[in-house]
Amino acid sequence: MIDTPPLRLNRSIVMVGLMGAGKTSIGRRLAQRLHVPFIDSDAEIEKAANESIAEIFERAGEAVFRAGERRIIARLLDGPAQVLATGGGAFMDPATRARIRERGISVWLRADLETLLERVTRRQHRPLLNEADPREVMIRLMAARHPVYAEADIAIDSLAGPSETTMLNLLAALAAWAGPSGVIDGRPDPQKVPS
Ligand code: S3P
């Protein structure tokens, strides 16, 4: 086990990245390690709607899902500091992105195409991947989303091996972010600093 100082969260850690990047599995491990709650925004949306995400897409369409996603993430970010895994499209929404920037520390879990495909083809619950060839969809999403995910505070490679390794790399990046105080807080926004 890596010897890292205990970290204290003043803000939530928000996992972003494509479907299959490991946001839930690595986020859950990180939360355990930091002794804070773990929340998955997709699961919260399903609970609030009493329907699966596939059912929401089918019945009401993607725009309605996105509106619910925006509301739920805003509410979760108003709560106590925790580890929050978001759905792959959440960070693409400008309002959600601004809220995450204001209230959280965003972590982009970056994975290569083959790793993502290997993980997502194990399950069938993702509506965006059920309609067309998952490889084509994923290539398109990578091109559109990677430049936006790159705005996250921290980027970590999500490795093909055990999620524990990626989690430990993330923990080290968070410890570096916190510095000697061990407190995870926001970085002063250079755009807001008066010149
Ligand atoms: C989506 C990702 C899914 C889920 C929905 C849409 C996306 O979450 O929110 O199917 O737009 O990338 P995961 O990234 O947790 O699979």
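The values are calculated or read from the model by the stated rules, or taken from the named source; none is laboratory data. These figures come from a predicted structure and were not determined experimentally. Here the Cβ positions follow ideal geometry from the backbone for every residue, glycine too, while neighbour counts run over all protein chains shown.
Quick rundown of the values:
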| quantity | calculated |
| --- | --- |
| Any hit, segment 89-96, residues being touching a residue at least 60 places away in the same chain (Cβ under 8 Å), within 14 Å of the ligand (Cβ to nearest atom) and in contact with a strand residue (DSSP E or B) (Cβ under 9 Å, 6 or more places away or on another chain) | yes |
| Top-ranked residue in segment 38-59 [being without any contact (Cβ under 8 Å) to a residue 12 or more places away in the chain and part of a helix (DSSP H, G or I); ranked as farthest from the chain's Cα centre (by Cα)] | Arg59 |
| In segment 126-146, the residues that are more than 15 Å from the chain's Cα centre (by Cα) and under 23 Å from Val83 (Cα atoms) | Arg126 |
| Pairs where the first residue, in segment 121-144, is at pLDDT below 95 and surrounded by 12 or more Cβ atoms within 10 Å (Cβ to Cβ) and the second is assigned to a helix (DSSP H, G or I) and acidic (Asp, Glu), C-beta under 9 Å, 6+ apart | Pro127/Glu58; Pro127/Glu62; Leu128/Glu62 |
| Pairs, first at positive phi in segment 9-37, second part of a helix (DSSP H, G or I) and within 9 Å of the ligand (Cβ to nearest atom), C-beta under 8 Å, six or more apart | Gly17/Lys23; Gly20/Val120 |
